[in-house]
Amino acid sequence: MSIQWFPGHMTAAKNNAEKAMEINDVIIEVLDARIPGSSVNPVIKNIRAGRQRPHLKILNKSDLADPKITEHWLDYFNGQPKTQAITVSAKNRNDIKKILPLCQKLAPHRDSSIKPLRIMIMGVPNVGKSTIINALHHKKIAKVGDIPAVTKSQQRIEINKQTILTDTPGMMWPKINYELDGFFLAASNNIGSNAYDEIETALELADVIKLRYPESISKKYGLQAPFPEDELFLDGIAKERGFILKKGKPNLEKAAISFINDYRQGLLGRISLETPSSREKMIERNT
Ligand code: G4P
């Protein structure tokens, strides 16, 4: 799969983030709860390693993820040094309320208007950073949109007298380590739609969902396990949805897009594409 991983503004974002890391007290990394491993950004990981700031990992979009698997991810991240992990659905006010007190706990010495708590928020495009900032600020500040990397320049936001938040543009990495990460990010809408192949992505997505959530496929498309392999699976969806080309052939591209959208919108139920152990095995297979 060919993905243009590192557009120019993302290089600039990395440099700016490095500088900002020096003057911030807590780093928030927003992850997609459906793909917490794939949405960890190795660039952020490396910058952090040099500057060991306390780190809050927010597993966002938890309303779309499998709650049991999200628990495993929380245990996994909470076992890492100087790291606290929580699950959030940015659309839920009570979830948002958990964020600032936790950041304060991570840097208790920064608690006044003279020494305000300085927080930096990072994460791959479209993971929900702007939605979280808007909810924290009770105002629409950052631009929210479903096009990855829509937030382009860093901005400093005064949340209250004691708290300053720096937003960074969506950051991706120069090189993807594992092909599956690319497919998971594409399926979850973290990569611009011109940068991946819909059919290939839908088939990789289908492989995971067929295996782990077969009932969601039966319920949504009326297909029964064992499900058709490869493009025959998309063929089944195309027929079920009436996506037929002029010459009577199934429109596989339309079926692929529709399947990906059903996953993105949670219409297949709450789905997690990876667990800490499935990720570990995937890494072993690829090294
Ligand atoms: P970014 O700044 O990291 O690039 O992401 P942004 O906040 O723009 O969010 C990207 C999309 O993800 C938005 O959808 C937003 O509503 C959605 N989103 C953010 N957090 C959550 C969450 O916890 N759960 C769910 N289900 N969706 C979330 P959009 O379609 O562009 O906007 P909207 O029509 O949903 O408002």
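The values are calculated or read from the model by the stated rules, or taken from the named source; none is laboratory data. Here the structure is a predicted model, which means the values were calculated and not measured. Note that we place each Cβ from the backbone using ideal geometry, even for glycine, and neighbour counts take in every protein chain shown.
Could you run through segment 81-139 and say how many residues are touching a helix residue (DSSP H, G or I) at 6+ places or on another chain (Cβ under 7 Å) and among the acidic types (Asp, Glu)?
1
Tell me which residues, restricted to segment 85-103, are free of Cβ contacts under 8 Å to residues at least 40 places away in the same chain and either of a type in the set (Ser, Thr, Tyr) or within 19 Å of Asn24 (Cβ to Cβ) (or both).
Within segment 85-103, Ala85, Ile86, Ser89, Pro101 meet the criteria.
Tell me, which residue of segment 131-163 that is under 20 Å from Leu185 (Cβ atoms) and at pLDDT 90 or above is nearest to the ligand (Cβ to nearest atom)?
Result: Thr131.
If Glu71 passes every condition in (1) part of a loop (DSSP other than H, G, I, E, B); (2) more than 10 Å from the ligand (Cβ to nearest atom) but one, which one does it miss?
Failed condition: (1).
Of everything in segment 57-68 that's buried (at least 22 other Cβ atoms within 10 Å of the Cβ) and more than 9 Å from the ligand (Cβ to nearest atom), which residue is farthest from Ile132 (Cα to Cα)?
The residue in question is Ala65.
Scan segment 146-173 and report the pairs whose first residue is of a type outside the set (Gly, Ala, Ser) and whose second residue is buried (at least 20 other Cβ atoms within 10 Å of the Cβ) and at pLDDT below 55, with Cβ atoms within less than 7 Å and a gap of 6+ or a chain change.
Asp167/Thr151; Pro169/Ala149; Pro169/Thr151
What are the residues in segment 81-129 that are among the charged types (D, E, K, R), within 10 Å of the ligand (Cβ to nearest atom) and surrounded by fewer than 20 Cβ atoms within 10 Å (Cβ to Cβ), if any?
Lys91, Asp95, listed by residue number.
Can you find a residue that is at pLDDT below 95, assigned by TED's automatic domain parsing to the domain that holds Gly266, part of a loop (DSSP other than H, G, I, E, B) and surrounded by 14 or more Cβ atoms within 10 Å (Cβ to Cβ) anywhere in segment 208-225?
Checked against the condition, which is being at pLDDT below 95, assigned by TED's automatic domain parsing to the domain that holds Gly266, part of a loop (DSSP other than H, G, I, E, B) and surrounded by 14 or more Cβ atoms within 10 Å (Cβ to Cβ), segment 208-225 yields at least one hit.
Failed condition for Gly266, given (1) within 16 Å of the ligand (Cβ to nearest atom); (2) assigned to a helix (DSSP H, G or I); (3) under 22 Å from Val30 (Cβ atoms), with all others met?
Every listed condition holds for Gly266 apart from (2).
Kindly indicate whether any position in segment 220-234 is small (Gly, Ala, Ser) and within 30 Å of His137 (Cα to Cα).
No: segment 220-234 contains no residue that is small (Gly, Ala, Ser) and within 30 Å of His137 (Cα to Cα).
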